[in-house]
1. If you line up the long axis of helix 60-73 against the longest principal axis of the chain, both from Cα atoms, how many degrees apart are they, to the nearest 10?
2. Could you compute Rg(Cα) / (2.2 N^0.38 Å) for the stretch 1-47, with N its residue count?
3. In nm, what is the difference between 0.36 nm times the number of residues separating residue 60 and residue 38 and their Cα-Cα distance?
4. Please give the calculated 222 nm ellipticity per residue for the chain, where each DSSP H segment of at least 4 residues contributes -39500 (n - 2.57) and the sum is spread over every residue; nearest 500 deg cm²/dmol?
5. With the convex hull built on the Cα atoms of the chain, state its orientation-averaged projected area in nm².
6. Would you order 59, 32 from fewest to most other beta-carbon atoms within 10 Å of each residue's own beta-carbon?
Ligand SMILES: [Zn+2]
């Protein structure tokens, strides 16, 4: 399940920190993923909406599943 922004109610996309793989960069260009860069804040947010709001959702499984689905849709170059 994809969480919705607690501030504006928009649907979230997974927020990914660190150096993105090419599929993640393509996904981010399409708005299916947000890139947080290499500086990790604590507590780290893991979702972002189209308006740039960031928040943390404790359901890590939902985040994992959504991230894998997004990467698969944009060509997973890890395999
Ligand atoms: Zn929002």
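No lab work stands behind these numbers, since they all come straight from the coordinates. Remember, predicted model here, so these are calculated numbers, not experimental data. With ideal geometry, Cβ positions are generated from the backbone for all residues, glycine too; neighbour counts draw on all protein chains shown.
1. Taking Cα atoms only, the helix is inclined about 40 degrees.
2. Working: Rg = 11.2 Å, N = 47, 2.2 N^0.38 = 9.5 Å.
That ratio works out to 1.18.
3. On the way: separation 22, 0.36 × 22 = 7.92 nm, distance 1.96 nm.
Stretched fully, the residue 60-residue 38 segment lengthens by 6.0 nm.
4. Values: 2 runs with 22 residues, N = 79.
Calculated mean residue ellipticity at 222 nm is -8500 deg cm²/dmol.
5. Working: hull surface 20.0 nm².
Result: a mean projected hull area of 5.0 nm².
6. Details: 59 13, 32 18.
Ordered from fewest to most neighbouring Cβ atoms within 10 Å, 59, 32 come out as 59, 32.
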